[in-house]
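The values are calculated or read from the model by the stated rules, or taken from the named source; none is laboratory data. Please read all numbers here as calculations on a predicted model, not as lab measurements. For neighbour counting, all protein chains shown are included, and Cβ atoms are generated from backbone atoms with ideal geometry for every residue, glycine included. All accessible areas refer to the heavy atoms of the entire protein, side chains included, with ligands and DNA or RNA removed. Shrake-Rupley method; radii C 1.70, N 1.55, O 1.52, S 1.80 Å.
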Amino acid sequence: MTLKRGLIILDLLREKHSLSMSQIMEELSLNKTTVYKLLFTLEKMQYIKKVEKYYYLNPSIFFDDRIHIIRDIQWSSLNTPYRLAEVSGEKVFVGILENEELVIKNVILTPSMMPDLNAIGSRSPIYTSAIGKAVFANLPSDLQAEILKKLSLSNITRKTFNDKDLFKHHLEVIKEQGFAVDDEETNVGKRCVAAPVYINGRVIGSLAIHGDTESIRRRSIRSLSNMVKRYSRQLSLELEHLKSR
């Protein structure tokens, strides 16, 4: 019976991707003591991992094909973005550059601290968001120039950049200050603050907080950017540690 229940938990996590203890108790109609013992055993055997209060399949054992993996990186299992979501109280995004587009690899919803599986894998032009601009600004100059040459800037909102010369200067400012801001350039009523993420000195993506203009106010952007930059550096270290194993 214990083995069967353990396997059912693994199946649940494969289906739901992440669940808290109370959610597993509800799914299985079991009491807290029983579920705790099952989770403790599965975690001790390294079949599952715990991030904050949520449990996930161990990515080194199980492959979840809903989560994008690049060279053994399972983005939704990284710890740093969850810590940023907890500290900031805002939705957190992780995005990377793929084929001249910004691809979302993880979105953490607050206050549930669960990944938004429906948003993972979505693509957008690299110039339209802080997540994309933080990557774009820190690309090697030749690659940046090549992508910029191909881009056709068009308005998504009235604040979206549509002048290449002005946008190029904007990228220089982003690189110098170490963070990018989307001030209603993608969605009216929304702001986003993002900082680049590196592996071995090469920019591969960015980490961002995203929220309403009422919660991310212009006067707080400087302090929020320092927070995002700090966690983006931590994410870079986490990724480099994973790659070195």
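The solvent-accessible area of Tyr36, taken with every protein chain present and a 1.4 Å probe, is close to 120 Å².
Once both labels are positioned 7 Å from their Cα atoms along Cα-to-Cβ, the gap between Asp11 and Phe40 label points is 2.6 nm.
Of Leu38, Leu224, Leu57, the residue with the greatest mean-square motion in the GNM of the chain, using alpha carbon springs below 10 Å, is Leu38.
Would the range 111-235 count as rounded, prolate or oblate if I go by the C-alpha gyration tensor, calling it rounded below 1.5 in a/c and otherwise prolate when a/b exceeds b/c, oblate otherwise? Because its axes are fairly even, with a/c under 1.5, the range 111-235 counts as rounded. For Ser124, the accessible surface of its heavy atoms amounts to roughly 40 Å² (probe 1.4 Å, protein chains only, rounded to the nearest 10).
Using alpha carbons only, how many angstrom separate the centre of the range 202-245 from the centre of the range 89-150? The range 202-245 and the range 89-150 have Cα centres spaced 12 Å from each other. Taking label points 7 Å from Cα along the Cα-to-Cβ direction, Ser141 and Asp183 give a separation of 2.8 nm. Distant-in-sequence amide contacts of Met114, defined by a placed amide H-H separation under 5 Å and a gap of 5 or more residues or a different chain, comprise Leu109. Phi-derived couplings, Karplus 6.51 cos²θ - 1.76 cosθ + 1.60 at θ = phi - 60°, listed residue by residue for the range 186-193: 9, 9, 5, x, 10, 10, 9, 10 Hz, with x used for Gly and Pro. For the range 87-242, carbon and sulfur atoms together expose 49% of the accessible surface, with a 1.4 angstrom probe and every protein chain in place.
Within the listed set Val203, Val188, Val94, the Gaussian network model of the chain (springs between alpha-carbon atoms below 10 Å) gives the highest mean-square fluctuation for Val188. Given a 1.4 Å probe and the protein chains as shown, Met25 ends up with an accessible area of around 50 Å². Among the listed values (1) 1, 6, 13, 17, 17, 14, 11, 8, 6, 3, 2, 1, 0, 0; (2) 1, 5, 9, 10, 8, 6, 5, 4, 3, 3, 3, 3, 3, 3, 4, 6, 6, 6, 5, 3, 2, 1, 0; (3) 1, 6, 12, 15, 14, 11, 9, 8, 7, 6, 5, 3, 2, 1, 0, the one matching P(r) over Cα pairs in 5 Å bins from 0, in percent as calculated from this structure is (1).
With the simple model of a label 7 Å out from the Cα in the direction of the Cβ, Ser154 to Ser122 spans 1.8 nm.
3J(HN,Hα) couplings calculated from phi for the range 27-41 with the Karplus curve 6.51 cos²θ - 1.76 cosθ + 1.60 (θ = phi - 60°) are, in sequence order, 4, 9, 6, 10, 7, 5, 4, 5, 5, 4, 4, 5, 5, 4, 5 Hz; Gly and Pro show x.
Couplings for the range 209-223, taken from phi via the Karplus curve 6.51 cos²θ - 1.76 cosθ + 1.60 with θ = phi - 60°, read 10, 9, x, 5, 4, 6, 8, 10, 8, 4, 5, 9, 4, 4, 5 Hz in order; Gly and Pro are left as x.
Please give the net charge around His170, taking every other residue with its beta carbon less than 13 angstrom from that of His170, where Lys and Arg add +1 and Asp and Glu add -1.
Details: positive: Lys133, Lys159, Lys164, Lys168, Lys175; negative: Asp163, Asp165, Glu172, Glu176, Asp182, Asp183, Glu185.
Net charge around His170: -2.
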